[in-house]
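Okay, so here's the structure we're looking at.
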Amino acid sequence: MQLLNNKEMKAAFALSAGLYAIPTIQNWPAGQSIGWEFLVGNLSWLMLFYWGPLALLLFLDSRLFLSLSWRTPVLWIIYFFTMLIGISVIGIILARLFPNFVMSAFTLTFSAFLWSTFNFTLYRAFLLYKTLQVERLERKQSQLNTLKQQLNPHFLFNSLNTVSAFVHESPQEAEEAILNLAEVLRYSLDVTAQDKVKIVEDIHVLQQYIQLEKARFSDKLQVLLNVSDDCKDKMLPPMLLQPLVENAIKHTQQWPLNISIDISLVGTDQIKLVVADNGGGLDQELQTPTKGHGLRITKERISLNQGASIRFENNNDTQGLGLKVTMVLDL
């Protein structure tokens, strides 16, 4: 099992090189030329004391099958002795290059102990941080999946109510509505395991749902959909808009109901979704705990997406008081 990805490994080796290079450059006498002895000596330090032990540590940590209680001390001991052997070889090399160079056994051992402890602690702390991040992401994904699974039966219940409202009055329209419902339900099941979908796909299914509702309410329901061309192929979590449209219809206090949906880019790395209606405003739609199950699910889904935000406010325009929901998500 690879504990660090390639990018993290490169960063680890770069950090090791930096830990060595910075003090070396700072302590280098001004005006002194750089000879081959200098290059050989410093490359010896870098390869035998920093990169070599680190490479062995990464190799063994991904292949040792030991419990955590044994794994940590065994790896540190191996890492320490690897650094001790490396610095001992460096001492021999430097003594050959510079006859006056002397490094005592105590200095060799203490340096290996100090640096192995520091580097190993830093390495294990990063692995712990990474493990906690993975666990947090897994919990978040589990919560998102739970919320999406809650949304499917909730959506089915409300959609069946919509179809049943006119199935006896207009069988032809009921047949068309059932076909729309089947497509929407198929989509809702298909995207359960997906974190993101293309906006153009989500909008297509949203339009199918709107046709379902318009078949029921006819001219009393008007939905204006405005999607910028530059964001149609962008990705966002599936079925964020449908519960907001459903909420506006279900809790409206006046008819005709006008709903506007605007989707646009914010800079190059964010997308904004705005759903506004004239159905009553915050008091009617948000302050009753028993209302807005789909709206609650949407709020929780947004809260679990890093870099995402959702805002509710009264929408005052010429058509009357309504609710305006603004969502901003990272692409």
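The values are calculated or read from the model by the stated rules, or taken from the named source; none is laboratory data. Because the structure is predicted, anything quoted here is derived from the model rather than measured. Positions of Cβ are generated from backbone atoms using ideal geometry, with glycine treated the same way; all protein chains shown enter the neighbour counts.
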Exercise for review: From (1) of a type in the set (A, V, I, L, M, F, W, C); (2) modelled with pLDDT under 85; (3) over 20 Å from L185 (Cβ atoms); (4) in contact with a helix residue (DSSP H, G or I) (Cβ under 6 Å, 6 or more places away or on another chain), pick out the condition that doesn't hold for A215.
Suggested key: (3)
Practice item. Pick out the one residue from K324, K272 that is crowded, with 18+ Cβ neighbours inside 10 Å, of a type in the set (K, R) and either farther than 25 Å from R139 by Cβ or at pLDDT 80 or above (or both). Key: K324
Check your understanding: Which residue, of W76, W115, is under 25 Å from E37 (Cα atoms), aromatic (F, W, Y), surrounded by 12 or more Cβ atoms within 10 Å (Cβ to Cβ) and modelled with pLDDT of 90 or more?
Key -> W115
Point to revise | Sole exception among (1) among the polar types (S, T, N, Q); (2) within 32 Å of the chain's Cα centre (by Cα); (3) closer than 29 Å to Q254 by Cβ for N161, by number | key: (2)
Exercise for review: Output the residues belonging to the range 166-212 that are outside any helix (DSSP H, G or I), modelled with pLDDT of 80 or more and of a type in the set (S, T, N, Q).
Suggested key: Q194
Study note, to complete from the structure: Here the residues within the range 99-109 that are modelled with pLDDT under 90, surrounded by fewer than 12 Cβ atoms within 10 Å (Cβ to Cβ) and farther than 16 Å from F49 by Cα are P99, N100, V102, S104
